[in-house]
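Where a number appears in this text, it was derived from the coordinates with a stated rule and is not lab data. All values derive from a computational prediction rather than experimental measurement. Cβ atoms come from the backbone with ideal geometry, glycine included; neighbour counts cover every protein chain shown.
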Amino acid sequence: AAQHRVLPKQSAIPGLWNNRLGPYAVGVMDAFIDPSVERITIMASVQSMKTESVYNMLGFAICQDPAPALIVMPTLNTMKRVNRRIRKMLLASPELSSHLTGNPDDVQMHQIILDRMEIYFATAGSSPDLQNIEARP
């Protein structure tokens, strides 16, 4: 993230990601790439880099370890906001944007198709949204 993630102009602190903004999140992001870690549980206050850390982990997967991803949000409105933020992240970071296909149909509300993986979006309350989606556990 510190090498490739660029926060969009609309961010509170735009520009290249800096781990000094939330040093306590570095351990969580490091755990994501540790093959001995099977589950990550985060207990933290609001506005404490959790969401951005998850976006960084998604960015790592896109660039280094692509596989289908499923992002589940509690409501449709939250899902739409997260989808928008991920699209902005993809466009703002040259390394990530290089994985966009260029086909506008590949960037939708329920799915973003990249060159090497797909990102699915669903709401937790809709079992049809969660059925038949292949994603890494």
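Observations on the model:
- Cβ charges +1 (Lys, Arg) and -1 (Asp, Glu), total dipole of the chain, debye: 620 debye
- If the segment from Thr75 to Asn18 were pulled out straight at 0.36 nm per residue, it would be longer than the present Cα-Cα gap by 17.5 nm.
- Sorted on the mean count of surrounding Cβ atoms within 10 Å across their residues, most packed first, peptides 118-124, 8-14 read 118-124, 8-14.
- Global dimensions of the stretch 53-109 from alpha-carbon coordinates: Rg and Dmax equal 11.4, 30 Å.
- A convex hull fitted to the Cα coordinates of the chain yields 124 cubic angstrom per residue.
- Selected from Gln131, Tyr24, Ala12, residue furthest toward positive end of dipole (the chain; charges at beta carbon): Ala12
- Kirkwood Rh, Cα atoms: Rg over Rh of the stretch 1-40: 1.07
- Built amide H within the under 5 Å cut-off of Leu70, gap 5+: Tyr120, Arg136
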